[in-house]
Amino acid sequence: MDFAVVFVVTLLAAACFLASVDAERAAAEKEERSSILGYAPEDLSSESRMLRLFEKWQQQHGKKDYGGVVTEKERRFLIFKENLQYVDAHGKKNSTYWLGLNKFADLSNQEFRAKYTGTKIDRNRRLKKNHQKEQSKSSGFRYADVEAPDSIDWREKGAVAAVKDQGSCGSCWAFSTIGAIEGINAIKTGELLTLSEQELVDCDHAYNQGCNGGLMDYAFEFIIENGGIDTDEDYPYTGFDGRCDVRKKNAHVVTIDDYEDVPENDEESLKKAVANQPVSIAIEAGGRDFQLYSGGVFTGDCGTDLDHGVLAVGYGNENGLDYWIVKNSWGDFWGERGYLRMQRNIGANDFGLCGINIEPSYATKDSPNPPNPGLTPPSPTPPEVVCDNWRTCPAESTCCCTFPLGNMCLGWGCCSLDSATCCDDHYHCCPHEYPVCNMEAGMCLKGGDEKTGVALMKRTPAHMNWPALRQQMGRKSGTSNSNGVPLSTTSKQIASQ
C-alpha cells in the first residue's frame, strides 16, 4: 500500500479516536452536570420535559403527591420552573459555586425563609458573663497565642458526626450547639457520640424557644446547669416541640465545663478557634443562592441579619480562594452532602461573609464524663386517645375527622401532637402553639398576620378501637368504654375538623 495512503488512513483513525474520546468526555461532563445540578440543558426545551423533570425530582425527594391536591402540584411546578430557570441562569455565569435542584427546589424563597430560616438570632440577646464570673475566671481568649495551621478539617479527625436534618422546625441553634459539644467531646475523649438536639428543643425554655428559635450561648448554659446532655439514641429528634422527658433530661452522658465567645468580628481569632475545635456560628442564610446551593466555594450576596445557626468544622484554600467548611442541618441532599464551603478573608468588612465573624462560640471541656447510664427504660404506655366507639389515636395525640358527614364523622385521622389544631382540608393539622392553618403557604402560623411558623403536619390513620368494640358487642350502647368515657360523648371532646 502506498505510504501516503497509509499515512492518511492513520490520521483518519487517530481523528476518529480523538473524536470518540471528546464525545465520551462531553457525555461524562454532561452526566456530571446533570448529577450535580439535577437536570440537563435540554430539560428546559419544552414544558413537557420540564414536567417530566419535576416528576422525577418529586420521586427523588419523596414529594410524590402533595396530599393528592392537584392545584398544589400545579403551584409547586410553577415555582419549580422558576427555580430551574434561576439555577440555569446562574450556571452560565463565571462563578466559584453552583446551584442545583436540591430538596428546596419547589419552594419560593419566601417560603424557604419562613420554614428554614425564620428563626431570628438576636445578637442583642447574646448572653453576657456576669461580673462575678469574670472576676473568678480569665476573660481572655484561650486560643489567642495559638498558631493556626494553613488548613484543617475536623471531619478527617473523627470529631464531626453525620449530617442531620432539622426539618421545618426552627431548631438550627440546637444543632449548632450539639455539633460543637460532639466535637469537643470527641477531641477530649476520643469517642464520637451523637447527642440529643430534641432535649434542647423540649427542655431548654429559660431563654430558648424550641422550634421558634434560640441562641447557642443559652443552650450551652442549659447543658452546664443541667449537668450534661443525653444521646440522640435515647432522646431522638422529632422535629416538633414536645414535652420535656425529665428522666431522659437527667441522663447525663456528656458534660461540658463552660463555653466561650470568640472575639467578635475577628476572623483571625475565629480561624484559631476552629483550628482547635468545631465552633458554633451564626450566619444569614435566607438568600435564594443559599436555598439552592449545591457546591463550590460560596461567594454570593448575603448580609448580617443572622437567621441561622451552623457549625464551622474547618477551613482551607482552593485555587487561591480561602474558605470555611460549614456543617449545616438541612440534611445531606443539600449542598456538598450537607456541607457548605463559604469564602473566608473577604476583606470588605470585619463581619465576614454572611456575618460569620459576629457571634462564634464554643464549648470547653476538661472534666471526664460520668458513667454512661445507657438507654432510659421505657415509660409505662399511656392509654390511647379515643376518637369514637370504633377508633383511637396514640397517646398524647389529637383525633381529627377526615370524613365528616353532617354532624357525624365516618373516618378519623391522628395528629401526633396533643391539643393540635385540625385543618379544614381534613388532611393536615397544626401544633396548638401555631393554630392557624395556612394551606396556601403550607405552614402553621401563630396568627393570620404572621410570616413565620412551622410546616403543616400530615395526619395518620386512626387505629381500630378493639377494646371498645369488644365491650360494645358485649354490652348495651351508651355504657362507658374501657377508659370510663361515655362512648356517646367521646367524639364531642375531640377536634371535629
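What number of residues within segment 176-216 are in a loop (DSSP other than H, G, I, E, B) and in contact with a Lys or Arg (Cβ under 7 Å, 6 or more places away or on another chain)?
Of the residues in segment 176-216, 2 are in a loop (DSSP other than H, G, I, E, B) and in contact with a Lys or Arg (Cβ under 7 Å, 6 or more places away or on another chain).
Which residue is farthest from W324 (Cα to Cα), if the candidates are limited to segment 225-269 and must be at pLDDT below 95 and either β-branched (V, I, T) or touching a strand residue (DSSP E or B) at 6+ places or on another chain (Cβ under 7 Å) (or both)?
If we take residues in segment 225-269 being at pLDDT below 95 and either β-branched (V, I, T) or touching a strand residue (DSSP E or B) at 6+ places or on another chain (Cβ under 7 Å) (or both), then V246 is farthest from W324 (Cα to Cα).
Does segment 307-319 include one or more residues that are of a type in the set (D, E), at pLDDT below 95 and within 25 Å of A219 (Cα to Cα)?
Yes; the residues of segment 307-319 include at least one that is of a type in the set (D, E), at pLDDT below 95 and within 25 Å of A219 (Cα to Cα).
Does segment 396-417 contain any residue that is touching a Pro at 6+ places or on another chain (Cβ under 8 Å), closer than 29 Å to S379 by Cα and surrounded by fewer than 15 Cβ atoms within 10 Å (Cβ to Cβ)?
Yes, that holds for at least one residue.
Can you tell me which residue in segment 139-192 is farthest from D241 (Cα to Cα), limited to those that are under 13 Å from the mean Cα position of the chain (by Cα) and hydroxyl-bearing (S, T, Y)?
Top of the filtered list is S176.
Could we say that A219 is touching a residue at least 40 places away in the same chain (Cβ under 8 Å), outside any loop (DSSP other than H, G, I, E, B) and surrounded by 22 or more Cβ atoms within 10 Å (Cβ to Cβ) here?
In short, yes.
If you scan segment 266-299, which residues turn out to be open to solvent by 10 Å² or more (accessible area, probe 1.4 Å) and in a loop (DSSP other than H, G, I, E, B)?
D266, A275, N276, E284, G287, T299
Restricting to segment 382-391, name every residue that is in a strand (DSSP E or B) and either polar (S, T, N, Q) or open to solvent by 80 Å² or more (accessible area, probe 1.4 Å) (or both).
The one that is in a strand (DSSP E or B) and either polar (S, T, N, Q) or open to solvent by 80 Å² or more (accessible area, probe 1.4 Å) (or both): R391.
Restricting to segment 24-58, name every residue that is over 13 Å from Q85 (Cα atoms), at pLDDT 80 or above and either more than 32 Å from the chain's Cα centre (by Cα) or surrounded by fewer than 16 Cβ atoms within 10 Å (Cβ to Cβ) (or both).
S48, R49, L51, R52, E55, K56
Answer with yes or no whether T255 is among the polar types (S, T, N, Q), open to solvent by 10 Å² or more (accessible area, probe 1.4 Å) and under 27 Å from K115 (Cα atoms).
no
Quick check: is even one residue across segment 61-82 at pLDDT 90 or above, part of a loop (DSSP other than H, G, I, E, B), loosely packed, with under 15 Cβ neighbours inside 10 Å and over 21 Å from the mean Cα position of the chain (by Cα)?
No, the conditions are met nowhere in segment 61-82.
Answer yes or no as to whether R247 is part of a helix (DSSP H, G or I) and surrounded by fewer than 17 Cβ atoms within 10 Å (Cβ to Cβ).
Spelling it out, R247 is indeed part of a helix (DSSP H, G or I) and surrounded by fewer than 17 Cβ atoms within 10 Å (Cβ to Cβ).
Output the qualifying pairs, or none if there are none: Cβ atoms under 6 angstrom, residues six or more apart or on different chains, first residue in segment 239-265 and of a type in the set (D, E), second residue assigned to a loop (DSSP other than H, G, I, E, B) and open to solvent by less than 60 Å² (accessible area, probe 1.4 Å).
D257/K365; D257/S367
Among what's in segment 191-216 and is under 18 Å from P368 (Cα atoms) and in contact (Cβ under 8 Å) with a residue 12 or more places away in the chain, pick the residue that is surrounded by the most Cβ atoms within 10 Å (Cβ to Cβ).
L195
From the list S367, S379, which residue is more than 30 Å from K188 (Cα to Cα) and surrounded by fewer than 22 Cβ atoms within 10 Å (Cβ to Cβ)?
Just one listed residue meets the conditions, S379.
Pick out, from segment 392-440, the strands (runs of 3 or more DSSP E) lying fully within it that include 2 or more residues that are more than 13 Å from T460 (Cα to Cα).
436-438
Assuming P373 fulfils every condition listed in (1) within 22 Å of E197 (Cβ to Cβ); (2) over 28 Å from the mean Cα position of the chain (by Cα); (3) modelled with pLDDT of 95 or more apart from one, which condition is it?
Of everything listed in (1) within 22 Å of E197 (Cβ to Cβ); (2) over 28 Å from the mean Cα position of the chain (by Cα); (3) modelled with pLDDT of 95 or more, P373 misses just condition (3).
From the list H428, H463, H432, which one is open to solvent by 90 Å² or more (accessible area, probe 1.4 Å), touching a strand residue (DSSP E or B) at 6+ places or on another chain (Cβ under 7 Å) and on the phi < 0 side of the Ramachandran plot?
Of the residues listed, the single one that is open to solvent by 90 Å² or more (accessible area, probe 1.4 Å), touching a strand residue (DSSP E or B) at 6+ places or on another chain (Cβ under 7 Å) and on the phi < 0 side of the Ramachandran plot is H432.
Any idea which residue in segment 441-459 is surrounded by the fewest Cβ atoms within 10 Å (Cβ to Cβ), counting only those that are under 22 Å from the mean Cα position of the chain (by Cα) and over 18 Å from G239 (Cα atoms)?
Only one residue fits best here, namely K451.
Name the residues in segment 222-244 that are open to solvent by 40 Å² or more (accessible area, probe 1.4 Å) and part of a helix (DSSP H, G or I), would you?
Across segment 222-244, the qualifying residues are I224, E225.
The values are calculated or read from the model by the stated rules, or taken from the named source; none is laboratory data. Please read these numbers as outputs of a predicted model, since none were measured by experiment. So basically every Cβ, Gly included, is an ideal-geometry build from the backbone, and we count neighbours across all protein chains shown. Just the protein is used for accessible areas: all its heavy atoms, side chains included, with ligands, DNA and RNA removed. Shrake-Rupley method; radii C 1.70, N 1.55, O 1.52, S 1.80 Å.
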